[in-house]
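None of the figures in this text is laboratory data; all of them are computed from the coordinates on show. Predicted model, so just to flag it, every value in this text is computed and none were measured. Neighbour counts are summed over all protein chains in view; Cβ atoms, including those assigned to glycine, are modelled from backbone coordinates with ideal geometry.
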Amino acid sequence: MTIIEIIRRRADEFPSDVAIRWNGGSWTARQLYERILGAADQLTASGILRGDRVAIHAGNCPGFITALLGCFAVGAIAVPVNNRFKAPEIGDLFARVSPSLYVGSDAFTRVAFGGSPTLLTTPCLMLPSVGFPERRARHASNDYSSEPSRPCLLLATSGSTGTPKIVVHTEATLITIATRYSAFGLASGDTMLNASPMVHAGGLFNLLASLCGRGSMVLLGKFDAHEVLDAIERYKCTWYKGLPFMFSEIAKLQSERPRDVGSLRLAICTGDKCPDQIREKFEQTLGIRLHTGWASTEAATSLVYDRDFQDQYVLHDGVEGKLLAVDGAKVANGEAGELWLRGQNVSPDYWEHDSNSAAANGGWFATGDLMRFVGPRNLRFAGRLKNLIVRGGSNISPVEVEDVLRTCELVSDVAVFGLPNLALGQRVMALVELKEGADPSLLDEALIPVLSRLSDYKTPELIEVVKSLPRTANGKTDRARLVEAFEASRATMAHAS
């Protein structure tokens with residue numbers, strides 16, 4: 001069964017179910033299905049054939065949903081475009097995937113085409129913000145279907161450690177991901193709040209999970225903590241998944257102006273590890289537990305949050321996992337190693353292929369995440385392989401150092417990284433965001449008891465205060481830009497003095 005067939009079955013059996021809500025509007029299951037068919041008709045009229053790539057450049061709106069699912073319906077391959085991309089970045093993406101059609105929204109088309117004539121050779125279809133109109137006439141020859149094993153989606157990774165990779169997903173992997181959301185507590189009667197960008201894996205997988213069930217999805221155009229709280233109160237949302245900075249803002253604004261959020265029963269924090277102070281503040285303010293989820297564009301839903309231990313994950317029943325050292329050898333019990341995963345949810349390959357893909361390793365995907373087994377199927381995050389700092393021959397996990405620094409009462413967030421050094425290989429450095437109102441002149445003293453918990457070789461040689469850490473489009477710390485941010489901060493201080 002395909003995603004479109006699942007949506008069609010829901011439209012036939014429960015046509016009046018509200019499938020999607022957004023500011024000022026809603027679609028029932030039947031209306032959604034008819035608009036998907038309308039989008040499929042327009043794509044076909046634009047010459048799109050099975051296997052063609054279709055670039056979709058829009059924010060969170062009903063139009064994006066119909067364009068995406070219309071691609072699935074005709075067997076085309078949807079390519080969501082990061083809505084923060086400028087023309088050169090879009091040009092690079094187009095050069096890599098060769099789209100046959102650009103589906104653009106008014107809000108982003110000027111960015112897409114301005115100053116980049118190479119993009120003008122791609123046919124363009126303008127996207128109504130409320131989606132394509134419903135199909136007006138039916139003919140047997142116009143009934144669309146797809147094939148579960150064929151690629152249907154190309155998703156760029158966040159690029160937090162370098163050039164984004166383009167991940168291939170099929171209908172089969174997407175259905176597995178969507179249906180496994182039940183392991184994250186998403187039930188058929190839930191009202192999901194989706195404020196994550198659907199051009200990225202988190203927001204898009206949220207969408208598919210909601211549509212493959214009988215729940216309703218409340219869609220926000222972008223994350224805004226006030227709008228999130230207002231939506232929970234207005235629509236009685238029950239389920240929300242987001243990034244650490246989102247939950248920090250939600251807790252802060254809820255404490256300042258409380259809303260009725262009693263309907264919310266499940267909250268899941270994904271992305272980089274959620275700092276304890278954010279989790280504790282959220283739980284204290286909203287009165288529900290904040291679970292920690294593991295995120296991956298290539299292998300989403302492989303790990304489920306542990307209901308008993310905040311710092312652990314559990315392998316999903318349908319997933320195999322193993323830990324390997326850098327040289328490919330198995331690690332000893334209790335030791336950290338790179339997590340490799342295999343399962344029906346795992347992307348089969350990258351668009352341009354890669355040695356870490358499942359296709360290159362007998363179905364096993366190398367996550368790049370360092371984990372430790374703390375039980376037969378229980379894992380604890382230890383850091384990211386690419387972010388390991390090697391100082392004088394010793395391996396240092398930035399996550400371990402960051403966790404310690406975040407316990408400082410003045411620190412809001414922190415990023416630890418290695419700075420190249422001829423003698424040692426790398427030196428340990430840190431960028432720190434302070435809490436609102438914190439006095440920077442008090443930081444050194446406040447850090448004394450905190451840093452005493454770290455071995456000397458793990459202690460940052462320099463801790464630089466910055467207004468904000470560099471972040472990727474989906475809110476993660478942009479580790480590829482940490483050295484640049486550090487040097488810019490040092491240059492600013494030197495100029496000021």
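Compute, for the range 313-424, the length of the dipole vector about the Cα centre, with Cβ point charges of +1 (Lys, Arg) and -1 (Asp, Glu) only. Units Debye, rounded to 20.
So the dipole magnitude of the range 313-424 works out to roughly 280 debye.
How tilted is helix 482-496 with respect to the longest principal axis of the chain? Cα atoms for both, answer in degrees (0 to 90, nearest 10).
In the chain, helix 482-496 runs at an angle near 60 degrees to the longest axis.
In the chain, if the dipole is taken from +1 on Lys/Arg beta carbons and -1 on Asp/Glu beta carbons about the Cα centre, which of Ala73, Leu379, Gly363 is farthest to the positive end?
Ala73
Please work through the chain and write down the cysteines that have no neighbouring cysteine Cβ at a distance under 4.7 Å.
Singleton cysteines: Cys61, Cys71, Cys124, Cys152, Cys212, Cys237, Cys408.
Hey, can you rank 45-56, 260-271, 70-81 by average C-beta count inside 10 Å, highest first?
Answer by packing, highest mean first, reads 70-81, 260-271, 45-56.
Starting with the highest mean, order 243-255, 283-295 by the number of other Cβ atoms within 10 Å, averaged over the residues of each peptide.
243-255, 283-295
At 0.36 nm per residue, minus the direct Cα-Cα distance, what do Glu400 and Lys86 gain on full extension? Give it in nm, one decimal, please.
So the chain would gain 109.5 nm between Glu400 and Lys86.
FRET efficiency for Asp327 and His353, Cβ-Cβ distance as r, R0 = 22 Å, nearest 0.05?
So, using R0 = 22 Å, E works out to roughly 0.45.
To the nearest 10 degrees, how steep is helix 201-211 against the longest Cα principal axis of the chain, on a 0 to 90 scale?
The angle comes out near 40 degrees.
Select from Met198, Leu32, Gly392 the residue farthest towards the positive end of the dipole of the chain; place +1 on Cβ of Lys and Arg, -1 on Cβ of Asp and Glu, and compute about the Cα centre.
Looking along the dipole axis, the top candidate is Leu32.
Give the separation of the Cα centroids, the range 336-402 to the range 428-497, in Å.
First find each Cα centre; the distance between them is then 26 Å.
Between Ser255 and Arg289, what is the label-point separation in nm under the 7 Å Cα-to-beta-carbon projection?
About 2.3 nm separates the two model spin labels.
DSSP beta bridges in the chain, what fraction antiparallel, as a percent rounded to 5?
Looking only at bridges with both residues in the chain, the antiparallel portion is about 60 percent.
Dipole magnitude of the chain about its Cα centre, charges +1 at Lys/Arg Cβ and -1 at Asp/Glu Cβ only, in debye to the nearest 20?
860
How big is the charge dipole of the range 142-281 about its Cα centre, in debye rounded to the nearest 20, if each Lys and Arg gets +1 on its Cβ and each Asp and Glu gets -1 on its Cβ? Don't jump to the answer; show the numbers that get you there.
Values: 15 positive and 14 negative charges, 38 e Å.
Once rounded to the nearest 20, the dipole reads 180 debye.
Return the calculated 222 nm mean residue ellipticity for the chain, to the nearest 500 deg cm²/dmol, obtained by summing -39500 (n - 2.57) across DSSP H runs with n ≥ 4 and dividing by the residue count. Numbers along the way, then the final one.
Numbers: 13 runs with 147 residues, N = 497.
Value at 222 nm, helices only: -9000 deg cm²/dmol.
Relative to the longest principal Cα axis of the chain, at what angle does helix 62-74 sit, 0 to 90 degrees, rounded to 10?
Taking Cα atoms only, the helix is inclined about 70 degrees.
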